[in-house]
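Student: Below is one structure. I have some questions about it.
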Amino acid sequence: MAIITLTRQSGSMGDEIGMLIARRLGYTFYSRKEIEQRIIEKGFTKEELKKYDERKPNFFDRFSKLRDQYLNYLSMVILEMAQQNNCVIMGRGAFLFLRDMPNHLTMRFVSTQEKRLENIKTLVNIDSDKVALKMLIESDKRQRAFYKSCFHYDLNDHSLIHATINTASLNPDMVAEMIVAGIKNNISDEVEILGEQRIGELILAQKITNKLVFEHNLRIDELWVLVRNNVITLHGMTAFHATVERAITIINSEWAGYGIKDEIKCVQDSFSSKA
């Protein structure tokens with residue numbers, strides 16, 4: 001019926017509410033650990049994962065090919081989960097990968113510092129407000145840095161979030177029930193069909209990206225592949241037009257029948273036109 005993505009402040013009961021939503025709808029709940037495990041199964045090691053998984057990579061890791069591989073693995077894992085439909089996905093920027101899905105709903109859970117401290121102390125079984133506060137501050141810092149570094153996204157910008165819910169004075173069951181009612185009343189069969197079509201296009205776009213960048217090692221910076229209505233559009237920047245021609249040849253050979261639109265900027269061409 002729907003694909004639900006959630007983000008949450010630590011201590012806002014987001015995971016608990018997500019599991020309640022999944023249970024009431026009969027959906028699959030994908031936690032952080034499930035996403036991590038699937039990334040590792042695709043070939044990314046645990047040691048490499050620690051550098052990037054919802055944390056700020058160091059200066060050199062931010063510009064390494066390994067970082068791009070992590071994001072591509074993460075994207076494919078999220079898209080494969082969404083392809084199964086009827087799922088709740090927690091965190092890891094899932095809502096950004098799925099933002100133009102017609103049957104996708106995304107929510108963020110926040111809470112007051114007082115309530116977050118209370119929940120954290122209960123969760124990890126500690127009594128110290130000082131220790132709990134340090135945990136919250138570090139968690140918020142890591143989360144903001146991850147989204148900024150990997151997605152250039154500010155978590156204070158809620159323009160891509162359908163609903164932000166303050167859980168401080170709300171019972172988790174009540175929040176879950178409200179969300180479930182909204183989903184049941186607003187996701188139609190038509191919207192679900194459009195969602196299935198769109199997820200197929202997103203997965204194809206990711207496969208094309210992986211094919212060009214990681215299998216054929218084409219040097220196209222900030223490559224973004226868009227697939228819509230049997231047309232593949234390539235965005236990005238490269239030094240040589242020959243790289244673009246090679247990319248188009250590969251796509252024609254692997255995915256015949258699609259139209260191809262080239263929107264890649266060639267630095268060499270720009271220099272030539274100014275000479």
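Student: So if we plug the beta-carbon distance of residue 162 and residue 228 into 1/(1 + (r/R0)^6) with R0 = 30 Å, what FRET efficiency do we get, rounded to 0.05?
Tutor: Once rounded, the FRET efficiency stands at 0.85.
Student: Here's another thing I want to ask about it. Enumerate the whole-percent occupancy of each 5 Å bin, from 0 to the last occupied one, for all C-alpha pair distances of the range 1-137.
Tutor: 2, 10, 18, 17, 18, 16, 13, 6, 1
Student: Something else about it: Rounding to the nearest 10 and keeping the result within 0 to 90°, find how far the Cα-based axis of helix 172-186 lies from the longest principal axis of the chain.
Tutor: It is inclined by approximately 40 degrees.
Student: Considering every pair of different Cα atoms, what Kirkwood radius, in Å, is found for the range 130-186?
Tutor: Every distinct Cα pair counted, the radius reaches 14.0 Å.
Student: Another question, then. For the range 40-51, in order, what is each residue's ³J(HN,Hα) by Karplus, 6.51 cos²θ - 1.76 cosθ + 1.60 with θ = phi - 60°, in whole Hz (x at glycine and Pro)?
Tutor: Each residue of the range 40-51 in turn: 5, 4, 7, x, 8, 6, 4, 5, 5, 4, 4, 6 Hz.
Student: Which of the peptides 207-215, 76-84 is most tightly packed, and how do the rest follow, going by the mean number of other Cβ atoms within 10 Å of each residue?
Tutor: 76-84, 207-215
Student: Here's another thing I want to ask about it. If you roll a 1.4 Å probe over the heavy atoms of the protein chains, what accessible area per residue do you get for the chain, in Å²?
Tutor: Solvent-accessible surface per residue comes out at 54 Å².
Student: Additional query: Return a whole-number percent for the relative contact order of the chain, with Cα pairs under 8 Å and 6 or more residues apart as the contact set.
Tutor: Rounded, it is 23 percent for the chain.
Student: For residue 153, which sequence-distant residues (separation of 5 or more, or a different chain) have an amide H within less than 5 Å of its own amide H, given hydrogens modelled in the peptide plane?
Tutor: 148
Student: If you don't mind, there's one more thing I want to ask. If I fit a long axis through the Cα atoms of helix 241-254 and take the longest principal axis of the Cα atoms of the chain, what angle between them do I get, 0 to 90°, rounded to 10?
Tutor: 70 degrees
Student: Let me check something: with ligands and nucleic acids excluded, how do 258, 70 order by accessible area (1.4 Å probe), largest to smallest?
Tutor: Final ranking, largest accessible area leading: 258, 70.
Student: Positive end of the charge dipole of the range 91-158 (Lys, Arg +1 and Asp, Glu -1 on Cβ, about the Cα centre): tell me which of 112, 133, 143 has its Cα farthest that way.
Tutor: 143
Student: Taking a temperature of 37 °C and a viscosity of 0.692 mPa s, what whole-number D in µm²/s does Stokes-Einstein yield for the range 127-265 with Rh from Kirkwood over alpha carbon pairs?
Tutor: The Stokes-Einstein estimate is 171 µm²/s.
Student: Using a 1.4 Å probe, how large is the accessible area of residue 231, given in Å² and rounded to the nearest 10?
Tutor: 60 Å²
Student: Sticking with this one: Taking the Cα centre of the chain as origin, sum charge times position over the Cβ atoms of Lys and Arg (+1) and Asp and Glu (-1), and report the length of that vector in debye to the nearest 20.
Tutor: Charge dipole, the chain, about its Cα centre: 700 debye, nearest 20.
Student: Residue separation times 0.36 nm, minus the C-alpha to C-alpha distance between residue 249 and residue 152: what's the value?
Tutor: 31.8 nm
Student: If the viscosity is 1.567 mPa s and the temperature 4 °C, what translational diffusion coefficient in µm²/s does Stokes-Einstein give for the chain when Rh comes from Kirkwood over Cα pairs?
Tutor: So the translational diffusion coefficient is about 63 µm²/s.
Student: Can you give me the % of accessible surface on the chain that is carbon or sulfur? Probe 1.4 Å, all protein chains present, nothing else counted.
Tutor: Solvent-exposed carbon and sulfur of the chain make up 49 percent of the total.
Student: Once you have the Cα-Cα distance between residue 137 and residue 32, take 0.36 nm times their residue separation minus that, and quote the gain in nm to one decimal.
Tutor: 35.9 nm
Student: While we're on this one: Among 186-192, 196-202, 9-15, how do they line up from the highest to the lowest mean number of other beta-carbon atoms within 10 Å?
Tutor: Ranked from most to least packed, the peptides come out as 9-15, 196-202, 186-192.
Student: Hey, can you rank 248-255, 116-123 by average C-beta count inside 10 Å, highest first?
Tutor: Averaged packing, sorted descending, gives the order 116-123, 248-255.
Student: What angle, in degrees between 0 and 90 and rounded to the nearest 10, separates the Cα long axis of helix 14-25 from the longest principal axis of the Cα atoms of the chain?
Tutor: 80 degrees
The values are calculated or read from the model by the stated rules, or taken from the named source; none is laboratory data. Bear in mind the structure is a predicted one, so any value in this text is a computation, not a measurement. Positions of Cβ are backbone-derived with ideal geometry, glycine not excepted, and every protein chain shown enters the neighbour counts. Heads up: the accessible areas ignore ligands, DNA and RNA and are worked out on the full protein's heavy atoms, side chains in. Shrake-Rupley method; radii C 1.70, N 1.55, O 1.52, S 1.80 Å.
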